[in-house]
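The values are calculated or read from the model by the stated rules, or taken from the named source; none is laboratory data. Please read all numbers here as calculations on a predicted model, not as lab measurements. Neighbour counts are summed over all protein chains in view; Cβ atoms, including those assigned to glycine, are modelled from backbone coordinates with ideal geometry.
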Amino acid sequence: MIQTYKPLTRVVLIEDNNDVREGFKEIIGTHAEYVVVNDYPSCVPALKKLSSDKPDLVIIDLEMPEMHGIEGIKRIKKARPKTVILVVSVHEDSKMVFDALVAGAMGYLTKDTDPEGLLKALDELMKGGAPMSSKIASLVVKSFQRSQDTPLSERETEVLALLSKGKTYHSIADDLFISMETVKTHIRNIYQKLHVNNKTDALIVAEKDNLI
Amino acid sequence: MRTLQFILLLFFVETAWSQRVYYEHYGVQDGLGQSQVSAMVQDHHGFMWVGTRGGGLCRFDGQHFRNFKKENGLISNEINDLVILGDNLYIASPKGLSKLNLNTYQTENLYSSKESVMSLSLNKRNKLYLVEGYYTLSVFDTEKKVSKAISSTPKEPIRSLKTDKNGELYLLTFFQNIFLVSDTTLTKEHGIKEKGNFDFVPVTRDSLYTLEAGKLYLNHPLSKRKSVLINSEEHGFLQSAGEELYLIGHEKLTVLNDRLEPQKDLFTADIKQSPIRLLLKDKENVLWIATNGNGFFKVPSVPVISFNNLSKGGMVIYNIAISPEAIVYATSYNEGTVLIKNNKLIGRVPSTKELDFEYFRNVVFDPQGRPHFFFRRYGEFILNQRGQLEKVAKPAKWPEKAAGVTLRYNSKGEKMYDTSEGLFIASQDSDYLLPTASMVNSTAEIAPDFYAVFTLDSLYFFKHGKAVLVPNAQMDKSHYILQSAYDKKENRLFWAELETGLYLYDFDTSELLNFDTEDGLHSQLIYNLTIDQNNDIWIGSEKGIEKIQFSSANKILSKKYYGKHEGFTGLETNSNSLIADDKNNVWIGSIYGLFELVDSLEEVNEVVYAPVLDQKSFLFDTLLLSDYETEKGLVLPYKLNSLSLSFKAVSQKYPNRAILYYRWKGEGHSWNEVPENGSLFLTNIDIGEHVLQIKNVLDLDESKLLEYSIHIKPPFYRTWWFMGLSVLILAFLVYRYQRWSAERKISEALRLRELKEQAENEIRQQLGQDFHDEVGNRLASISTQTGVLNLKMKNSGAEEKKILNQIQLNARKLYSDTKDFIWTINPESNIFSEIAMYIKDMGEKLFQYSEQDFLCNSEITSEMQDVILKSGDSMQLIMIFKEAMTNVLKHSKASKVEFGFSIKKGSWTLFLRDNGVGYMINSIENGRYGLTNMETRSEKIKADLKMTSSVGEGTEIRIKKAYKNDTDI
């Protein structure tokens, strides 16, 4: 019998609330597929150790001392584009969350999420994008409207539009005659294209990837 | 008794004596253009137009001449005839026919004829006929300005054209034939038979007068000729003037009354060497006599009769008295006394060497009516029935040193003497003297035994022989009183003072009043004074006579002045020589003789001419005013607002009486007198339309006002349109400014409000956020730690796990509720679309890991973004739906949960329905499933909450409310 070796998902925690950070560390530690390689109370030390930590997943708070979480996200994304970033924050300020998503986060959670919810969110995140609220969706729509060339496909645009108008994932799936998974895939793609929609990042990405 | 000198007296012999009427003579020396007058006509303004041979045309207003000659536009200075038709004066001259507009004085040459236009005439249809040369009679078309000769004119030299009282036109030839002119047809009517001087006056178609060789005939009917009494070779012409017929000789003028009897030989002596050319009677009944070489005479028929012919040298009358038999005794120093009755001289008492009238003082009449003559040196004489002056002895008790001044009789019939020592009364009982400090000049009896005695410097009152003081009456300064009179009816005393005017003392009110030139008297040098039958006062001064009417309250009601133009050429009157007779005619003695003013009380000038604007010019500019004239007046630019206007009001009968007054119509001013020369200087006339009104003071009902319009145009910046436009612009600017200011204020208020709200929201949010951060982090810590604890306590007892779970749940709930609360602080949370989306996201999150499909098929619309809920409502709605969703998640066993929202007809609706097990609503205990809370919350926000559920058919919760934007300003 041939066994396939699947490496553990390397997780780094950046959270200034010690209790929450320790708690997340404990909770994630219970999951067989994840390992918390390091945890930091702020972005600065985390960034210094990024190359050695080599995280696959970063769970990051926004309101932190020394460096704001959004800035941290940008730098992490710049250093390690493939790292998946999940925002965990007390704030559900749509603007801040949107900025985090634009910066490179793939999803967000509130800090009151229970352990089970946290682990499920991690699984979902690694598979696809985290759920997008209608408020975020409307901000995403406006963001793409400002850009002359929208990178979204027709279907992605439809999904985004329905979401921004208040439809639920299930409703969207019913309206478009697609599955929930397909809706989530579209949302994930939208997130990714949202990252690139930031021109500066796009240039950096393009340069890095030798696309220019 | 002194031997009386024989006095020539023509008593009872009434001298046939002709009255001499008042007349005036005007010639070149008075301004007439030339002394040979060929024509005269009067226009509707009252001006007399006089045509001369060589002096052009003259306009006469009763006092002054204005001449028009070739340089004024006339075709010739030699004028043959004049006629007025409408507003035009047609002028016949050797060179043709011209006309002058009587309103504008513009001249126009109408027709240049080869022969002299000798005469003009109008028939009853106002057709104008010309006699050109001696043989041509033409009709002149005034419209087409064309003359057409009448072919049927007889081949006889034409002497004259005349019209009868019906306006029919007749032509007289030198062959003594009279033709009726009907349009363009001539028919012979009559032939004058006798050779010699001849003339005619047509009366009607059937009668006419003819003068034939000095005899006057009335031909009525035409075939029947009746001779009248006149038979004088001296008369060569016949003319009618007014209602009278005149026989005109070379230097003789005779007027015939309606019985054709000669009335008077009009002033032949004065008109000698004045060949009479024509006669005219004007509208005021003034007779005009035009002469060929001596100008013209004007006989105004004023009611003044002059008796100057009684004396060759002229009488200086200084006393007039009237006897009870109405015989006028008029005395002069040089001539003695003339006696006149019924305007006829009936006698004289001449001055002689023995009885020199130089010392004469006065004549009075005793109770028997006998005249007493009083002389200063000679004393008293009575005129007996033989016409002789008989000496009368002095009274027995005559004061020794007293010199007699004047003799009077009192009401008792006693003689009173004004003397140098006082008033001496020859009483029936006893003679007595009322002494004064100086000579008595005048005495007036106020009541029996009550006298006012005027000396040279004082006024005494004597009552029952004693001097008394009368309050206010006795002046303390010296005056020279010449005359006095007592008004019995009003109990007041008048006296005339030589220099200070007329005085009035009212015994009832003890009021002393003085009237002089400031009160309108023509002079305050008053020589004499009398009261007539109507209690009116007559005063004589150096300027003439004045009649004054006083009211009972001693105010002047009216004044009437008589001077030269009223025929009173005497002017300077003498004291003791003014008296009214029983017919109320006033006799006046002056340095120029004796005059009688008849019909003086009810005299009414029936003909009043309207004033005329004679000349006009700018006051300070030489520009032509004609450029600015309109039909009604003038329209002037504002810079040319000063004018000189000259007005005239004509009265040929009483030129001096036509005084002009002016005022601005409708401007609240009273009438002001126009200066004597008729010129008004109007300076700085205000901008606007004005009407200057001029009236003749004789025009009592103001029916003949002259109105002259003067319109001063404003500068453009004062025109109505400019000012209106300016006002509009200003109003617009004010409106715009106010609007801008209001908008700015509103905008500022809004901005401040927004800033305030923003600041408040920021603070609120920041506080909330800070609170949430702090609390959230704490709760997150609790939640996380209890979660970790739960994991570590896998093998713990159920009770401990339960408690731990509860702690975790509570922490998470508290965290969630705090988060919701913080969100509702956000101003966006009042927007319906935001609330709907929040609740939907809340549900999405709640049901994301459940088996139930959470659906929301409603879509946000732009209308939903404009619906604003009341502050605080969002929190209640979140709590309601959180409760409801939790119920569905936990209890409904539904597979599908749907949340929806809508706006319809002014109401918003939110609902949550599931397809779960449902329940019997009435069976639910109070408080279970949070239903009571939901109802309470919905009541708080005054929304309608409706729950429907039935077993096996799911549950629906619907909440609805009519919306109103609470945040509207």
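The table below lists the values:
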{"read-out": "Any hit, the range B:198-212, residues being surrounded by fewer than 19 Cβ atoms within 10 Å (Cβ to Cβ), of a type in the set (Gly, Ala, Ser) and not in a strand (DSSP E or B)", "value": "no"}
{"read-out": "Selected residue (criterion: nearest to the other protein chains (Cβ to nearest Cβ)) from residues of the range B:855-877 that are polar (S, T, N, Q) and in a helix (DSSP H, G or I)", "value": "B:GLN865"}
{"read-out": "Which numbered condition B:VAL775 fails, given (1) hydrophobic (A, V, I, L, M, F, W, C); (2) away from every other protein chain (no Cβ under 14 Å); (3) more than 30 Å from B:GLY46 (Cα to Cα); (4) outside any strand (DSSP E or B)", "value": "(2)"}
{"read-out": "Helices (runs of 4 or more DSSP H) lying entirely in the range A:1-77 (those with 3 or more residues that are within 19 Å of A:LYS120 (Cα to Cα) and within 19 Å of the chain's Cα centre (by Cα))", "value": "A:18-29"}
{"read-out": "Some residue of the range B:1-23 being part of a loop (DSSP other than H, G, I, E, B) and at pLDDT 90 or above", "value": "no"}
{"read-out": "Residues that are outside any strand (DSSP E or B) and touching an Asp or Glu at 6+ places or on another chain (Cβ under 9 Å), drawn from the range B:533-550", "value": "B:GLN533, B:ASN535, B:GLU542, B:LYS543"}
{"read-out": "Residue in the range B:143-152 that is under 24 Å from B:SER38 (Cα atoms) and surrounded by 16 or more Cβ atoms within 10 Å (Cβ to Cβ) present", "value": "yes"}
{"read-out": "Failed item in (1) more than 7 Å from chain A (Cβ to nearest Cβ); (2) free of Cβ contacts under 8 Å to residues at least 40 places away in the same chain; (3) within 28 Å of B:ILE878 (Cβ to Cβ); (4) surrounded by 15 or more Cβ atoms within 10 Å (Cβ to Cβ), with B:ALA780 passing the rest", "value": "(1)"}
{"read-out": "In the range A:161-190, residue nearest to the other protein chains (Cβ to nearest Cβ) [restricted to those that are surrounded by fewer than 21 Cβ atoms within 10 Å (Cβ to Cβ) and within 23 Å of A:THR83 (Cα to Cα)]", "value": "A:LYS184"}
{"read-out": "Contacts under 9 angstrom Cβ, first residue in the range B:787-809 being over 18 Å from A:ASP19 (Cβ atoms), partner assigned to a loop (DSSP other than H, G, I, E, B) and of a type in the set (A, V, I, L, M, F, W, C), 6 or more apart", "value": "B:GLU800/B:MET793; B:LYS801/B:MET793"}
{"read-out": "Scan of the range A:97-121 for residues that are of a type in the set (A, V, I, L, M), within 13 Å of chain B (Cβ to nearest Cβ) and in a helix (DSSP H, G or I), ordered by number", "value": "A:VAL97, A:LEU118, A:LEU119, A:ALA121"}
{"read-out": "From the options B:VAL635, B:VAL650, residue that is in contact with a His (Cβ under 7 Å, 6 or more places away or on another chain) and modelled with pLDDT of 90 or more", "value": "B:VAL635"}
{"read-out": "Of all residues making up the range B:676-719, the number that are modelled with pLDDT under 90 and loosely packed, with under 12 Cβ neighbours inside 10 Å", "value": "9"}
{"read-out": "Positions within the range B:73-89 being surrounded by 24 or more Cβ atoms within 10 Å (Cβ to Cβ) and within 37 Å of the chain's Cα centre (by Cα), in sequence order", "value": "B:LEU89"}
{"read-out": "Exclusive hit being under 30 Å from B:LYS961 (Cβ atoms) and either more than 8 Å from every other protein chain (Cβ to nearest Cβ) or modelled with pLDDT under 85 (or both), set B:LYS840, B:LYS792, B:LYS813", "value": "B:LYS813"}
{"read-out": "Output for the range A:126-140, where each listed residue is at pLDDT 75 or above and within 13 Å of chain B (Cβ to nearest Cβ)", "value": "A:ALA137, A:SER138, A:LEU139"}
{"read-out": "When residues of the range B:423-450 are limited to those that are part of a strand (DSSP E or B) and farther than 20 Å from B:GLU380 by Cβ, the one farthest from the chain's Cα centre (by Cα)", "value": "B:PRO435"}
{"read-out": "Test result for B:SER833, within 11 Å of another protein chain (Cβ to nearest Cβ), assigned to a helix (DSSP H, G or I) and modelled with pLDDT of 85 or more", "value": "yes"}
{"read-out": "Members of the range A:35-84 found to be away from chain B (no Cβ under 14 Å), closer than 30 Å to B:LYS792 by Cβ and in contact (Cβ under 8 Å) with a residue 40 or more places away in the chain, listed by number", "value": "A:ASP53, A:LYS54, A:PRO55, A:ASP56, A:LEU57, A:VAL58, A:ILE60, A:VAL84"}
{"read-out": "Where a residue in the range B:836-854 is outside any helix (DSSP H, G or I) and its partner, wherever it lies, is among the polar types (S, T, N, Q) and at pLDDT 90 or above, with Cβ under 7 Å and at least six apart", "value": "B:GLN852/B:SER895; B:ASP853/B:SER895"}
{"read-out": "Residue in the range A:85-95 that is in a loop (DSSP other than H, G, I, E, B), more than 14 Å from chain B (Cβ to nearest Cβ), on the phi < 0 side of the Ramachandran plot and at pLDDT 90 or above present", "value": "no"}
{"read-out": "Members of the range B:663-684 that are more than 15 Å from the chain's Cα centre (by Cα), more than 22 Å from B:ASP61 (Cα to Cα) and of a type in the set (Ser, Thr, Tyr)", "value": "B:THR683"}
